[in-house]
Amino acid sequence: MRSSSRVAQSSARLASLSLLCLAQGVSALVDSSGLSNYSFPEDFIFGVATAAFQIEGGWNIGGKGESIWDTYLHKHPNFTIDGSNGDIAADSYHKYKSDISIIKSLGVKYYRMSISWPRILPNGYDNFINKDGVRYYRSIFKELLKENITPVVTLFHWDLPTPLMDLGGWSNPKMIDYFEDYANVAFTLFGDIIKTWSTINEPHQHCYKGYGSDEFVPAMKSGGFGEYLCAHYLLLGHSRVYHLYDKKFRPHQKGKIGLTLDAFWAVPKDKSNHSDVLAAERYLQMRLGIFAHPIYSLEGDYPDLVRERIDNLSLSQGYTRSRLPYFSRKEIDLLRGSSDFFGINHYTSYLMSDMPMDIDYPVPSWDHDTGVLVEQNPKWPIPGVYWLSVYPPGFRGLLNWITKNYGTKIPIIVTENGMSDFEEINDYARVSYYNNYLYQLLLAIHEDGCNIQGYFAWTLMDDFEWKDGYTVKFGLFHVDFNSTEKTRTPKLSAFNYAEIVRKRRINFKYMETRPSSNRL
C-alpha cells in the first residue's frame with residue numbers, strides 16, 4: 001500500500017507531465033471528447049516487447065547453458081543495485097502460458113521477444129542443440145499463434161553464451177561465424193513459424209556499456225578500442241545473418257529480417273549557438289549513424305564524420321592506425337541494404353553542447369571521441385528512473401531524423417518505447433507518457449510523412465532491468481517479485497494502452513472517462 005507522501009509525489013509528477021503536454025500544444029489537437037484528431041492506420045502493428053534474460057528465469061533448467069549475465073552476476077553478486085540476478089526473474093519460463101493470456105488481454109497482435117542463445121546452444125556452438133530448449137520455444141510460438149498473436153523474434157538480446165565470451169566475445173571476429181551458425185539453427189528450427197526476425201538488440205548500448213565500460217556485462221572497460229571492435233563485428237555478424245536468411249531461408253519461409261538500433265534524441269542546448277547545433281548532430285552520427293549508415297544509406301560504410309573524427313583523434317593520440325576498424329569493399333556492399341525495416345528503440349532526450357576542454361572524459365573513449373556534453377533539461381519531468389526525462393517532441397524529432405537521413409523506402413518499426421514507475425499500480429505518469437509519445441508518432445506519420453509501420457511498448461511486465469536489477473519497473477503489468485507465484489497485476493497504463501489499440505486513437509481524457517472496472 002502506498003504512503004500518502006508517495007501518492008502526493010505521483011500527483012505532482014502527473015501535474016508536471018500534464019503542464020508539459022499543454023505547453024507543447026497537444027490540447028489543441030484533440031476533439032471535444034479528448035480523442036486524438038489523428039488515428040493509427042488499420043494495418044499499423046501494435047505490440048509489446050520483452051527479452052529472454054529479463055523475464056524467463058530458469059537459468060539452469062532444461063539443459064540451458066550459462067550466459068555471460070548468469071556467470072558474471074554469480075561471480076559478482078553486488079554488480080546490480082539490489083544484489084539481484086536473473087536466476088528466476090519473472091519466471092516466464094514456467095508461466096509463459098499465463099503471460100500469453102495477458103498479452104491477449106491488451107488486444108495487441110504482435111509480441112516481440114528474444115531467444116536465449118544458450119538455451120538453444122548451451123555451449124554456444126552448433127555441434128550440440130538442446131532439444132528441451134527447442135521444445136520450449138516452439139511451445140511458446142505455437143501458443144502465441146493459437147491466440148492470433150504474431151511472434152517477432154530477436155536472436156541476440158545481450159545474453160551471449162559464456163564459452164564464447166571466454167574467446168573475447170564480440171571483440172573477436174570469429175564471433176561472426178558463431179553467430180551465423182546459431183542463426184542457421186534458429187531459422188531451421190523456427191522459421192516455419194517466425195516470419196519477422198531481428199538479428200541484434202541495441203548494438204550501441206551493448207558495446208558502449210559492456211565493452212567500453214563496466215556498466216553492463218561483460219564489463220570489459222576497454223574504452224576507445226573494445227567498444228569499436230564490438231560495434232564492427234556486430235555489424236558484420238548482422239550482415240552475415242541477413243544474407244544467410246535472404247539466400248537460404250527467405251525463398252521458402254517468406255519472412256523479413258532486420259535489426260534493432262537505439263537512440264536518445266539530441267536537442268541543442270542553445271539552438272542559436274551553431275556549435276551546439278553541430279554537437280547535437282555529431283552525437284546522433286556517432287551513436288546512431290555509426291550503426292545505421294552502413295546499412296541504410298545509399299553509399300554505405302561508416303558516416304564520414306565518424307570515420308574522420310576517430311581516425312584523426314587516433315593519430316593525434318599517437319596510435320599507428322585508427323581505433324575504428326575499416327570495412328573491406330565487399331563488406332561495405334554486403335552491409336548496405338541488409339535490413340527489411342529500421343528497428344528503433346527510444347526512451348528519452350538530452351541537451352547537447354560542444355564539449356568544454358575541462359570535461360574529464362577518459363582518453364581514449366567513445367565519449368571523448370564524440371566530444372559532446374550531454375545533460376538533462378531541468379524543465380523536463382523525471383517521473384521514474386533518473387536517466388529518463390519526459391520530452392515527447394524528441395520522439396518526433398528522432399523519427400524525422402531517420403526519415404531525413406535514410407528516406408521512406410525502408411519502414412520504421414518502433415521496437416521499444418516506454419518509461420518506468422515507482423511500484424505504482426495507478427501509474428498515471430506512464431499513461432501520460434504513452435499518450436503523448438504515441439501522439440508524436442501520429443504527427444510524424446500524418447504531418448511529416450514518416451513511414452512508420454509499428455510500435456512495441458516496453459515492456460509487458462516488470463522485469464530484470466540489467467544493472468538496476470528489480471528496482472526499476474517498466475512493465476504494463478506489475479510483478480510481485482516477493483511472491484512465489486510472481487503474480488502479474490495490470491497497471492492503469494495496461495488498460496489505457498489496450499484502449500489505444502482497440503480504438504486506433506489516443507484518449508487524452510482516459511483518466512476521466514475510463515470504465516469503473518479499470519479503476520485500480
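Results, tabulated for the structure shown:
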| read-out | value |
| --- | --- |
| Antiparallel %, DSSP beta bridges [both residues in the chain], to 5 | 25 percent |
| Radius ratio Rg over Rh of segment 90-167, counting only Cα atoms, Kirkwood formula for Rh | 1.03 |
| Additional length obtainable on full extension of the chain from Thr320 to Asp448, 0.36 nm per residue less Cα span | 41.5 nm |
| Selection from Phe179, Gly168, Tyr137 lying farthest towards where the dipole of segment 127-209 points positive, charges on Cβ | Tyr137 |
| Carbon + sulfur, % of accessible area of segment 234-274 - ligands and nucleic acids excluded, 1.4 Å | 54 percent |
| Cα centroid of segment 42-114 to Cα centroid of segment 430-494, whole Å | 15 Å |
| C-alpha center-to-center spacing [segment 373-429, segment 234-266] in angstrom | 24 Å |
| Proximal lysine pairs, segment 220-358, alpha carbons under 29 Å, eight or more residues apart or interchain | 6 |
| Trypsin sites (Lys or Arg not before Pro) restricted to DSSP loop in segment 300-338 with at most 15 other C-beta within 10 Å | Arg321 |
| Estimated dipole of segment 385-469 in Debye, rounded to 20 [Cβ of Lys and Arg +1, of Asp and Glu -1, Cα centre] | 600 debye |
| Size of charge dipole - segment 188-311 - debye, nearest 20, with Cβ of Lys, Arg +1 and Asp, Glu -1, no other charges | 540 debye |
| Answer label, with semi-axes √(5λ) of the Cα gyration tensor in Å calculated from the coordinates and candidates [x] 32, 29, 23; [y] 79, 25, 22; [z] 75, 29, 26 | [x] |
| Candidate residues His204, His274: accessible-area rank, largest first, probe 1.4 Å | His274, His204 |
| Carbon plus sulfur fraction of accessible area for segment 293-349, probe 1.4 Å, in percent | 51 percent |
| Per residue accessible area of segment 432-483, 1.4 Å probe, in Å² | 21 Å² |
| Tensor-based shape of segment 46-102 (alpha-carbon gyration tensor, a/c under 1.5 rounded, otherwise prolate or oblate) | prolate |
| Cα centroid separation - segment 148-209 against segment 279-319, whole Å | 25 Å |
| Per residue accessible area in Å² of segment 64-193, where ligands, DNA and RNA are left out and the probe is 1.4 Å | 37 Å² |
| Cα-centred dipole magnitude for the chain, charges only on beta-carbon of K, R (+1) and D, E (-1), debye, nearest 20 | 1460 debye |
| Solvent exposure, largest accessible area first (probe 1.4 Å, DNA, RNA and ligands not counted), of Leu164, Leu298 | Leu298, Leu164 |
| Full-stretch length increase - Asn312, Asp214 - with 0.36 nm per residue and alpha-carbon distance subtracted | 32.7 nm |
| DSSP-assigned coil residues among chymotrypsin sites (Phe, Trp or Tyr not before Pro) in segment 365-412, each with at most 11 further Cβ atoms within 10 Å | Tyr386 |
| Helix-only CD estimate at 222 nm, as mean residue ellipticity for the chain, using -39500 (n - 2.57) per DSSP H run (n ≥ 4) | -12000 deg cm²/dmol |
| Positive-end extreme of charge dipole, segment 357-413 - chosen from Pro362, Leu373, Thr403 (charges on Cβ) | Thr403 |
| Calculated SAXS-style log₁₀ I(q)/I(0) at q = 0.19 Å⁻¹ - segment 410-481, Debye, Cα scatterers | -0.79 |
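The values are calculated or read from the model by the stated rules, or taken from the named source; none is laboratory data. Note that the structure is a prediction, hence the values are computed from the model and not measured. Positions of Cβ are backbone-derived with ideal geometry, glycine not excepted, and every protein chain shown enters the neighbour counts. Accessible surface is based on the protein model in full, side chains and every heavy atom, while ligands, DNA and RNA are left aside. Shrake-Rupley method; radii C 1.70, N 1.55, O 1.52, S 1.80 Å.
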